[in-house]
1. Does B:Ile75 meet the test of being of a type in the set (A, V, I, L, M), modelled with pLDDT of 85 or more and over 27 Å from A:Leu24 (Cβ atoms)?
2. Which of the numbered conditions does A:Phe54 fail, given that it passes all the others? Conditions: (1) without any contact (Cβ under 8 Å) to a residue 40 or more places away in the chain; (2) within 14 Å of chain B (Cβ to nearest Cβ).
3. Scan region A:116-141 for residues that are aliphatic (A, V, I, L, M), in a loop (DSSP other than H, G, I, E, B) and closer than 20 Å to A:Glu189 by Cα and jot them down.
4. Can you tell me which residue among B:Ser139, B:Ser109, B:Ser122 is without any contact (Cβ under 8 Å) to a residue 40 or more places away in the chain, hydroxyl-bearing (Ser, Thr, Tyr) and either more than 26 Å from B:Met245 (Cβ to Cβ) or within 14 Å of chain A (Cβ to nearest Cβ) (or both)?
5. Take the conditions part of a loop (DSSP other than H, G, I, E, B) and away from chain B (no Cβ under 12 Å) and apply them to A:Lys144. Does it pass?
6. Select from region B:136-171 the residues that are among the acidic types (Asp, Glu) and in a strand (DSSP E or B) and write down the one among them that is nearest to B:Ile113 (Cα to Cα).
7. Applying the selection to region A:44-59, what residues are within 17 Å of A:Ala8 (Cα to Cα) and either touching a Cys at 6+ places or on another chain (Cβ under 8 Å) or surrounded by fewer than 24 Cβ atoms within 10 Å (Cβ to Cβ) (or both)?
8. Is one or more of the residues making up region B:227-243 in contact (Cβ under 8 Å) with a residue 12 or more places away in the chain, outside any loop (DSSP other than H, G, I, E, B) and under 30 Å from B:Asp155 (Cβ atoms)?
Amino acid sequence: MTSSPRIAVLDYGIGNLRSAQKALEHLGAQAELTADHQQIAAADAVVLPGVGAFGRCVEALAQAELTEVAHQAAIEASQGGRPFIGICVGMQMLFSTSSESPNQQGLAVFPGQVGPLADDVKHPQMQWNQLEFSAHPMFAGLSKNDWVYFVHGYAGPITEHTVATCDYGGPVCAAVAQKNLWATQFHPEKSGTAGLTVLNNFLDETAGQ
Amino acid sequence: MKSIRVIPCLDVHQGRVVKGVNFVNLRDAGDPVELAARYDQEGADELIFLDITASSDERNTMVEVVRRTAEEVFIPFTVGGGIRSVEDARQILRAGADKVSINTAAVDSPALISELAQEFGSQCVVVSVDARRSSEMPSGFEVFIHGGRTATGRDAVAWVEEVVQRGAGEIMQTSMDRDGTRDGFDLEMLQALGANCPVPLIASGGVGSLEHLVDGAKLGGVDAVLAASIFHFGEHTIAEAKQTMAQAGLVVRPIV
């Protein structure tokens, strides 16, 4: 028997952070909303949620003195260390910049700029959409073209790190991963059973460390 | 691809669902959390709680409902009713809601829309627009507040444009002429408001059959359809609604 993993959900005062915490608790993890550096350091995995504008989230993360903590944790995960998952704007902030907030810098763990969705569709994409994903532990147990919930007006570039896309006026980057660094544009904590499966896969990845 | 969301609306009074609910096998049909969980299992794409008490001393009751819902329900939900400030909204969002909906407060103080959008992002801000037909308005539709009792003299189409400019991320449109009639959505109103609405539009007010949901999505051109009584009274399940919509050629998230 393994003890339940301790997950630090980075709390920097934006929107609804509680759902991610509760979804992880629902799956048996000990999840804490925290900005405490020691508590974050002691956790088995880190979650970076995010809603709203890119620039506002970057600022709020800095105000909470979590920018460097998040950056280090994401880099470590991308090199195969402690798992980290970014959600929505928490994923976008892993890129270098966003055209939504050109004066703000992201964490630049992934290269490239977050850009707007296609012109001929409504902004934000606020709906359930189907995923097209490649073989990745993030999607273990999901069936092809499962549906997940998106709320966003911007998206990361599609690169070698992209592991899932959805179609919204063309292919849109829906998830990226590099080793133990995972990130989703959709909200796994708001995507019913499919989303809980993704989060459970993240906990499995954490338990396997 | 665009899919149409199906959203049941729960009117909550002093922490209980009102308007009557007729699900079988619910321990307590009046408990909003239990009903929310049930709708989630049935395949609802989102939920809306409207706090119809909405006095400040009842606020904590609603926050508690939100807290409990967030522990059990893992689909998006919006809370409306009585939110008049950034702090009111923060309390609801911190408790686990994804969006707040404002109506009278937006008309009384349009700056609140941009304050909320700036603080939490547009995707958190739903502006609810209650309207009636009026020959005195350029568009033919006038905004009402206080649950449809008070005329504002504002043109509904112009108001939608203004609230989007101020940062609303979604519009929930209710025809007060149709609300409670079960005659179907006011399709002309949906088309008028939707024509220049760059953000998602939820249709509400008047649904009496599953065909009305299809009409709203197909003829009204909306992004989401909201209904209360056809689901609450057990006449139809969410699954039936989605089946009917899919058969009519609409894209909906299928029920697993």
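1. On the way: of a type in the set (A, V, I, L, M): yes; modelled with pLDDT of 85 or more: yes; over 27 Å from A:Leu24 (Cβ atoms): no.
It is false that B:Ile75 is of a type in the set (A, V, I, L, M), modelled with pLDDT of 85 or more and over 27 Å from A:Leu24 (Cβ atoms).
2. Going through (1) without any contact (Cβ under 8 Å) to a residue 40 or more places away in the chain; (2) within 14 Å of chain B (Cβ to nearest Cβ) one by one, A:Phe54 breaks only (1).
3. Kept after step one, since they are aliphatic (A, V, I, L, M), are these residues of region A:116-141: A:117-118, A:121, A:126, A:131, A:135, A:138, A:140.
Narrowing the set further to residues that are in a loop (DSSP other than H, G, I, E, B) leaves A:117-118, A:121, A:131, A:135, A:140.
Of everything in region A:116-141, those that are aliphatic (A, V, I, L, M), in a loop (DSSP other than H, G, I, E, B) and closer than 20 Å to A:Glu189 by Cα turn out to be A:Leu131, A:Ala140.
4. B:Ser109
5. On the way: part of a loop (DSSP other than H, G, I, E, B): yes; away from chain B (no Cβ under 12 Å): yes.
Yes.
6. Keep residues of region B:136-171 that are among the acidic types (Asp, Glu), which gives B:136, B:142, B:155, B:161-162, B:170.
Now drop any that are not in a strand (DSSP E or B), which leaves B:142, B:155, B:170.
On the way: B:Glu142: 19, B:Asp155: 18, B:Glu170: 11 Å.
It comes out as B:Glu170.
7. Within region A:44-59, the subset within 17 Å of A:Ala8 (Cα to Cα) is A:44-50.
The answer is A:Asp44, A:Pro49, A:Gly50.
8. yes
The values are calculated or read from the model by the stated rules, or taken from the named source; none is laboratory data. Computed from a predicted structure; not experimentally measured. Neighbour counts are summed over all protein chains in view; Cβ atoms, including those assigned to glycine, are modelled from backbone coordinates with ideal geometry.
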